[in-house]
Amino acid sequence: MIRLYLDENVRGPVTRGLRTHDVDCLTAMEDGYDCTHDELVLARATALGRIVLTYDDDFLRIAHQWLAESRPFPGIIKSNGKRVPPGIEIEQVWQICRDEEADALANLVLYLPQRGK
């Protein structure tokens, strides 16, 4: 089962929509990690065994750095955020959560399509 850790920039309608699909979501704000450096957010998500959902390109740099240092992380789902309507983003993330195993996403960055495909 995939459990998500939502970066502070993930929109509220996306969080609520994922939860209506029974996706296990924890937001950085709920966990007290909003307004925190992205590397600490990834470290927290890793400690909790949760895949990060983010709009932030900084996570890509951090992921590459961690991989170069052989530091494992549960995975990152990179969304295009405000360029994609919330309903489409919810559907794309839900499909990943429904169809993938958490272990298969370890140390990977998945990019959501920019449009509803």
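Coordinate-derived values only; no laboratory data. Owing to the predicted nature of the structure, the values given are computational and were not obtained by experimental measurement. Glycine gets a Cβ as well: all are built from the backbone with ideal geometry, and neighbour counts include every protein chain shown.
Brief remarks on what is shown
- Relative to the longest principal axis of the Cα atoms of the chain, helix 58-68 runs at roughly 40 degrees.
- Normalised by the number of residues in the chain, the mean separation of alpha-carbon contacts (under 8 Å, six or more apart) gives a relative contact order of 31 percent.
- Each label was represented as a point 7 Å from its Cα along the Cα-to-Cβ direction; for E30 and D57 these points are 3.0 nm apart.
- If the chain linking K82 and D22 were pulled fully straight, counting 0.36 nm for each residue of separation and taking away their Cα-Cα distance, it would gain 19.3 nm.
- Remark: the chain carries a charge dipole of roughly 380 debye about the Cα centre, counting +1 on each Lys and Arg Cβ and -1 on each Asp and Glu Cβ.
- All Cα pairs of the stretch 3-111, percent lying beyond 18 Å: 42
- For M1, net neighbour charge (Lys/Arg +1, Asp/Glu -1) across residues whose Cβ lies under 14 Å away: -3
- In nm, spacing of pseudo-spin labels at Q65 and Q114 (7 Å Cα→C-beta vector): 2.7
- CD proxy at 222 nm, helix term only [per DSSP H run n ≥ 4: -39500 (n - 2.57); per residue of the chain; nearest 500]: -11500 deg cm²/dmol
- The slack in the chain from M1 to E91, taken as 0.36 nm per residue of separation less the alpha-carbon distance, amounts to 30.7 nm.
- Within the chain, antiparallel bridges make up roughly 0 percent of the DSSP beta bridges whose residues both belong there.
- Here the gap between A104 and H37, fully extended at 0.36 nm per residue and compared with their Cα-Cα distance, gives a gain of 21.5 nm.
- In degrees, nearest ten, helix 86-99 long axis to first principal axis of the chain (Cα): 60
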